[in-house]
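The values are calculated or read from the model by the stated rules, or taken from the named source; none is laboratory data. Given the structure is predicted, the values throughout are model-derived calculations rather than measurements. Note that each Cβ is placed from the backbone with ideal geometry, even for glycine, and that neighbours are counted across all protein chains shown. Areas reflect the complete protein model, heavy atoms only, side chains present, ligands, DNA and RNA absent. Shrake-Rupley method; radii C 1.70, N 1.55, O 1.52, S 1.80 Å.
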Amino acid sequence: MSTAARRRLMRDLKRLQSDPPQGVQGAPLDNNIMTWQAVIFGPDDTPWEGGTFKLLLEFTEDYPNKAPAVRFVTKMFHPNIYNDGQICLDILQNQWSPIYDVSAILTSIQSLLCDPNPASPANSEASRLYQDNRREYNRRVKEVVEQSWIADDDDDEDGDEEGEEEAGAEKEKGGAAGGGGQA
Amino acid sequence: MKVKIKRWHAVATWQWDVNDERCGICYTAFEACCPDCHIPGDDCPPVWGRCNHAFHMHCIMKWLNSQQNANKQTCPACRQKWEFRA
């Protein structure tokens, strides 16, 4: 089935492959272009360095007039990321514009990692530590960086392999995420 | 010398007079049509806002109609209130 949303997503994929942005990767599941997996690599020379953070993007037929639902499936510790992986980012909510594509979404989230907005906290503990105790904040970030390697040991994110298996693994991880509770 | 033309075969090309080559919403060329149309040309034209940004008419209409709040009916490129250029 070819719809406006699906055609646009094919173009997004082409652009992501022909002009790949630094430090992010993404691809649709083998059997469903409306659901994408993505990885954001933690930027060098930051506490996030070395992390491989996986995300799930779910598009509707209203794309690109509506933003996709985006969440981290890797456990995160960040002022603007909820414990269930949902992201508090203006361009995914009221500042969405149909000129954005997958590449723009992923690079925006990547820059949010190192440039949080403590004014709209989604994780109050992370927000508080970011403002009051940067050393402890960085330590907690490095913890999730290390966890991101362990959680991902059952697959590597190199290409177009085993969509089904990965989708299964995502579900398990999604269910396990969200412990810890907010202060 | 006299030349008598028995037959001739004219070929023409056309393109829209747009600065960008593709629509920023659907990412297809203006010379092609929007994803909801089948035939490029007058039935699927580009339109301009007063901000001078251009989109397929069908693409910008879909965007504007998807925004319930009139204040949100903005240009996708520059976020100014969208008004069609006369």
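Residue count for the range A:43-62 satisfying the condition of being in a loop (DSSP other than H, G, I, E, B) and either crowded, with 23+ Cβ neighbours inside 10 Å or on the phi > 0 side of the Ramachandran plot (or both): 5.
Residues considered: B:Asp17, B:Asp36. Of these, the only one that is out of contact with any Lys or Arg (no Cβ under 6 Å at 6 or more places or on another chain), open to solvent by 60 Å² or more (accessible area, probe 1.4 Å) and more than 12 Å from chain A (Cβ to nearest Cβ) is B:Asp17. Across the range A:79-137, which residue is most open to solvent (accessible area, probe 1.4 Å) among those that are part of a helix (DSSP H, G or I) and of a type in the set (D, E, K, R)? If we take residues in the range A:79-137 being part of a helix (DSSP H, G or I) and of a type in the set (D, E, K, R), then A:Arg135 is most open to solvent (accessible area, probe 1.4 Å).
Can you name the residue in the range A:63-78 that is touching a residue at least 24 places away in the same chain (Cβ under 8 Å) and over 25 Å from A:Gln131 (Cα atoms) and is also most open to solvent (accessible area, probe 1.4 Å) among such residues? Filtering first and then ranking leaves A:Lys66. Out of all the residues in the range B:50-71, is one or more in contact with a helix residue (DSSP H, G or I) (Cβ under 6 Å, 6 or more places away or on another chain) and within 12 Å of chain A (Cβ to nearest Cβ)? No - not one qualifying residue is present in the range B:50-71. The condition of being basic (Lys, Arg) and not in a loop (DSSP other than H, G, I, E, B) holds for only one of B:Lys2, B:Lys6, B:Lys62, that being B:Lys62.
Of the residues screened, A:Pro21 is one that is in contact (Cβ under 8 Å) with a residue 60 or more places away in the chain, more than 14 Å from chain B (Cβ to nearest Cβ), in a loop (DSSP other than H, G, I, E, B) and more than 19 Å from A:Gln147 (Cα to Cα).
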